[in-house]
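Data first, discussion second: the structure below is written as structure tokens.
The values are calculated or read from the model by the stated rules, or taken from the named source; none is laboratory data. Quick caveat, the model's predicted, so the values are computed rather than measured. Here the Cβ positions follow ideal geometry from the backbone for every residue, glycine too, while neighbour counts run over all protein chains shown.
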């Protein structure tokens, strides 16, 4: 007769690749996820309901240790006790309450080990701390669907792309916690068959199509922008003048600026392509930096009300809304590119390099060692001159009187 318990061999556990549940007997299962990750699960019935208790991931818990944990759980059941409730009681007695924040931080640290640069892990941390801050102090095993919805619903239709990333990252944290035996049951952040029944279908975005002003209207916009005496207005004008991405500007530190050589060097960990990028600075950008320095309080050029943090990108959205402009901050990069292509004779490669876009195949990129800095300097000075049309040179309008 086939064995009813301890049915799996160590070799079978190590080599099993078929997704699904593989029984070891006595309620213990090896779970192979579609991704190939493996974890242990103890399934039992209590008060007429089926329950699932995570026993850890295959890499952290051996087959022998998992069977010991299963046997301990079965003894509790035989004594009329609920293994999950007893586990939580023991954790509380030890003063150990594992929170969502702790699990998120641990996962991010692990992800950073395998990342080609730190940017991806930093984005993870920033996204979760900004949009899922209310989940951080909660016990990881107490987070349910309502908690996840409370994070997603406020941004689901207004920041659909961000909301999708937040949902996926919450799901990943909760999956990692379940693999460690810190959660049981289904993942409340799962989309298919769960949240897709509770949230509207997310609008699909077309890459590269951010709302943008026609380039002919940008000088008049700059003139209006200079009437607003705030750090956010200076930061937005600096962003437009340099054709940089929002994150590159908001993360700008004083140590990256070389005013004598008129160069801003953005480190590779803040660049989308993962390569250091030098930005030539026009005279107007230097004026903006001088104005920002009058209220300097920390390392960030455009700091928020807290000296240790930069402005939030949301201040740009709010500023554009107040100005009645139906465009995005990122869209000004498109305005710049259209202007360079239609109104100048600069080569395409120079304009693309100004946007920090890679041009050419891998072989061509490998042989192109320079970054065309001086050619780009001429281009960016021409862009600054174009924007100056209709924009006031009154120096009294550049000094910020308030922070945002």
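Observations on the structure shown:
- In the stretch 112-134, the residue that is modelled with the highest pLDDT out of those that are farther than 17 Å from residue 167 by Cβ and over 10 Å from the mean Cα position of the chain (by Cα) is 112.
- In the set (1) over 23 Å from residue 212 (Cβ atoms); (2) out of contact with any helix residue (DSSP H, G or I) (no Cβ under 6 Å at 6 or more places or on another chain), the condition left unmet by residue 276 is number (2).
- If the condition is being without any contact (Cβ under 8 Å) to a residue 40 or more places away in the chain and not in a helix (DSSP H, G or I), then the stretch 324-349 contributes 324, 344, 345, 346, 347.
- Residues within the stretch 143-160 that are surrounded by 12 or more Cβ atoms within 10 Å (Cβ to Cβ) and not in a loop (DSSP other than H, G, I, E, B), tallied: 11
- Evaluation of residue 369 against (1) within 31 Å of the chain's Cα centre (by Cα); (2) modelled with pLDDT of 90 or more (one fails), failing number: (2)
- Members of the stretch 295-323 that are assigned to a loop (DSSP other than H, G, I, E, B), farther than 14 Å from residue 236 by Cα and modelled with pLDDT of 90 or more: 299
- Counted residues, the stretch 17-47 - those being over 17 Å from residue 6 (Cα atoms) and at pLDDT 85 or above: 8
- Residue check, residue 299 free of Cβ contacts under 8 Å to residues at least 40 places away in the same chain and surrounded by fewer than 19 Cβ atoms within 10 Å (Cβ to Cβ): no
- Residue 84 modelled with pLDDT of 75 or more and outside the structural domain of residue 168 (by TED's automatic domain parsing): yes
- The set of residues in the stretch 316-337 being surrounded by fewer than 16 Cβ atoms within 10 Å (Cβ to Cβ) and within 25 Å of residue 350 (Cα to Cα) is empty.
- Checked against the criteria, residue 182 counts as in contact with a helix residue (DSSP H, G or I) (Cβ under 7 Å, 6 or more places away or on another chain) and part of a loop (DSSP other than H, G, I, E, B).
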